[in-house]
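We did not get these values from a lab; they are worked out from the coordinates using the rules stated. Small disclaimer: the values here were computed from a predicted structure and weren't measured. Glycine also receives a Cβ, built like all others from the backbone with ideal geometry; neighbour counts cover every protein chain displayed.
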């Protein structure tokens, strides 16, 4: 098998590749090529199997989010806790949308621009 470099099965019946397909790590595109789930191509190095390439390309880091409760916050900073209990929060600002000027600029640039007249032989 050229996909996992093991013997005993054909490429279309590779159990390791089918496992990655079922887990959603890889998928097939419209032409049947094996690609990563985010639609990036799998680029193999010389002599490397597709399975080894996929293992190399899988992301290694996971995103971890942690929310600190008020009880766990810094005990020396009491003013922050008091602000939050009154409903005030820090670092929040309203977002104002900017004015869209691209359409107006396009109209100004193209104002007065007309296609050239047709030559006589095209009439």
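Volume per residue for segment 11-57 equals 82 cubic angstrom (convex hull of Cα atoms). Protection proxy ranking, highest mean first, for peptides 22-34, 3-15, 47-59: 47-59, 3-15, 22-34, where packing is the per-residue count of other beta-carbon atoms within 10 Å, averaged.
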